[in-house]
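Notes follow once the structure below has been shown.
Just so it is clear, none of the values below were taken in a lab; they were calculated from the coordinates. Note that the structure is predicted; figures quoted are calculated from it, not measured. Reconstructed Cβ throughout: ideal geometry from the backbone, glycine too, with neighbour counts over all protein chains shown.
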């Protein structure tokens, strides 16, 4: 039995290291292909340049960085209040029998392919925005609404787990002191679970920034600096997805360089989420 346990332990260890190894290979490949172009044209010209014209050797990704954060910010405006409200409802207000039905339905949102979200946004949201708000319809607003629904499973699941992980004495103590159920939730439970809630928001933000297919379908893909939520835009991920199929030479390297920028953004968000989730509640 001891020998079998050691073998299983070694297999699991090898599996864990293989995951790290694969991640390292991906990182090495992206940096190997992308860094030469960044160094060639300069970090400032690449990150702060506002013109993306590969045929003329102009590779400025600043409008796409701004567009990525515009779309993500819009998604969070929808996802945070709705996700937190659902998490509170599932953890504190709903009967257990009803929760058994709603939780799988919410988790199913994460299993729906992103192209289906994009198709729904293209058929339903884009004409709605065009008819009621003007503009092309293919816009940051449409992308933000779709992404807002796509990040809900992440925010709801992690926030609910954070609320359920709190010691029962928190709730019992607040109720014993005369607080109402809602006062207990708002003044005690949510502040106590804030690290988990913030971590869920940051992970949802990373999910939103990294989305590609749905955004290709509904953003309009205009390479320009956005000035309102009704403008068409192109994010970092959609830029890679649209142009990688025919890019070559410096153009291809510029797309990998775009991946380097996206890599740093996602890594920063994930690191922040991990550090926040490890904080102890005082």
Given points 7 Å out from each Cα along the Cα-Cβ axis, report the residue 4 to residue 246 separation in nanometres with one decimal. 6.0
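For a footprinting-style exposure proxy, rank 194, 252 by other Cβ within 10 Å, fewest first. Spell out each step's value before the answer.
Values: 194 14, 252 17.
With the sparsest Cβ surroundings first, the list reads 194, 252.
Figure the gain on full extension for residue 268 and residue 14 (residue separation times 0.36 nm, minus the Cα-Cα span) and round it to one decimal in nm.
On the way: separation 254, 0.36 × 254 = 91.44 nm, distance 2.70 nm.
Result for the pair: 88.7 nm of gain on full extension.
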Rounded to a whole number, what is D in µm²/s for the chain from Stokes-Einstein with the Kirkwood radius over alpha-carbon pairs (25 °C, 0.890 mPa s)? 116
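Any idea what the relative contact order of region 148-269 is, in percent, if you count C-alpha pairs under 8 Å spaced at least 6 apart? The partial results should precede the final answer.
Numbers: 100 pairs, mean separation 28.3, N = 122.
The value is 23 percent.
What is the fewest-to-most order of 5, 160 by other Cβ atoms lying within 10 Å of their Cβ?
Placing the least packed residue first, the sequence is 5, 160.
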Inter-site label distance for residue 180 and residue 66 at 7 Å from Cα along Cβ, in nm: 4.6
Full-stretch length increase - residue 97, residue 115 - with 0.36 nm per residue and alpha-carbon distance subtracted: 3.2 nm
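Given the rule -39500 (n - 2.57) for each run of at least 4 DSSP H residues, summed and divided by the residues of the chain, what is its mean residue ellipticity at 222 nm, to the nearest 500 deg cm²/dmol?
On the way: 14 runs with 200 residues, N = 282.
Roughly -23000 deg cm²/dmol at 222 nm, from the helical runs in the chain.
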Quickly work out the residue 132-to-residue 48 label distance, labels modelled 7 Å from Cα along the C-beta direction, and quote it in nm with one decimal. 4.1
Quick check: the distance between the Cα centres of region 115-130 and region 131-151, to the nearest angstrom? 8
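Where does region 175-228 land on the Kirkwood hydrodynamic radius, alpha-carbon pairs, in angstrom?
Here the Kirkwood hydrodynamic radius works out to 14.8 Å.
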Return one number: the angle in degrees, 0 to 90 and rounded to the nearest 10, between the long axis of the Cα atoms of helix 140-150 and the longest principal axis of the Cα atoms of the chain. 40
